[in-house]
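Below is one structure, written out as structure tokens, with a few remarks after it.
Laboratory data are not the source of any read-out in this text; all were calculated from the coordinates shown. Since the structure is predicted, the reported quantities are computational estimates derived from the model, not experimental observations. A quick note on method: Cβ atoms are made from the backbone with ideal geometry, for glycine too, and the neighbour counts reach across all protein chains shown.
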């Protein structure tokens, strides 16, 4: 939570201000970092409150958290690797295609096995994200070779 708040305070010094309406972007460049960091701070605060309110005196909970910490490192590493693949391919095959394939990979990795569910959720997330950034926020996204 502290990192989110610190970054929120640093945004005005790190992202240049631009007058709204000068280009095709409808919002200043700092809008998305403000939204993302505010959400991170909010979720961190909720998580911290829930953590402080929970009863951690049971030995079973402590043992299971130690076991899952090794699994968590593997999951985070694989997720990071998949996201790095997305960063490599986003300019080559475009935003919509990359986000679709990344979502399929991540959903499959985290246990979704129904192809209907994989394809429908991936398509919905890709199209919603595209609509939000391209149409609502008017932020140009990589088109790639497919579009």
Taking 0.36 nm per residue of sequence separation and subtracting the Cα-Cα distance, how much length would be gained by fully extending the chain between residue 120 and residue 46, in nm to one decimal? 23.6 nm
Find the relative contact order for segment 72-147 and round it to a whole percent, using C-alpha pairs within less than 8 Å whose residues are 6+ positions apart. 41 percent
Restricting things to Cα coordinates, could you compute the convex hull volume per residue of segment 72-147 in Å³? 89 Å³
So if R0 is 22 Å, what FRET efficiency would residue 137 and residue 54 give, r being the distance between their Cβ atoms, rounded to the nearest 0.05? 0.05
